[in-house]
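The structure appears below as structure tokens.
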Amino acid sequence: MILGIDYGEKKTGLAVWYPENDIVLPRKTIHHTSDKQLISFLKKTVEEDDIQEIVLGKPIGLSGNETDQTRKTLEFKKELEKSISIPVHLTDERLSTKQAQVFFDEKQTADEDSLAACVILETYIDKKSHQ
């Protein structure tokens, strides 16, 4: 299984790809007060759910430039990689939240951050399958 992450400083959306069914499903958004708290939760998730890879959305400005959030995400990736032993991949997350809003209306039970994580993960899987 692959875990998709839409990282945020206070809340982070999660999604999981189930290869046996080839489906990506949202998980709950994690509300956290620190990266340390989030990483602790993710370590537990990786172990309990037998996650083999992580895909982390990399925020990039619409013009293709790095932003403050890009730098924060890259720092988070470094800290996460120190704590787990599975690969952590980055994928462009531009417009993932907008895509989630288009595909799912506000009446959906999953929240915007987890739906954005679904888009991030599906983008990665699509690119990987075409290589």
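For the reader, a short list of remarks on this structure follows.
- Amide H contacts of residue 4: 15, 16, 17, 55, each under 5 Å away and 5 or more positions distant or on a separate chain (H built 1.01 Å from N in the peptide plane; Pro and chain starts excluded).
- Gain in span if fully extended, residue 79 to residue 126, counting 0.36 nm per residue against the direct Cα distance: 14.2 nm
- Across segment 36-48, computed HN-Hα scalar couplings (Karplus, 6.51 cos²θ - 1.76 cosθ + 1.60, θ = phi - 60°) run 4, 5, 5, 4, 4, 5, 5, 4, 5, 4, 4, 5, 6 Hz from first to last residue, x flagging Gly and Pro.
- The residues neighbouring residue 90, those whose beta-carbon lies less than 10 Å from its own, together hold a net charge of 0 under the Lys/Arg +1, Asp/Glu -1 convention.
- Interchain or long-range residues, amide H under 5 Å from residue 90's placed H: 56
- Computed magnitude of the charge dipole of the chain (debye, nearest 20; Cβ of K, R +1, Cβ of D, E -1): 360 debye
- Diffusion coefficient (Stokes-Einstein, Kirkwood radius over C-alpha pairs, 37 °C, 0.692 mPa s) for segment 2-129: 226 µm²/s, rounded to a whole number.
- Using a cutoff of 8 angstrom between alpha carbon atoms and counting only pairs six or more residues apart, the relative contact order for the chain works out to 34 percent.
- Net length available on complete extension from residue 37 to residue 92 is 17.3 nm, with 0.36 nm assigned per residue and the Cα-Cα distance removed.
Rule-based calculations on the coordinates, nothing more; no lab input. A quick note: this is a predicted structure, and the numbers were derived from the prediction, not measured. Virtual Cβ from ideal backbone geometry, glycine too; neighbours counted across all protein chains shown.
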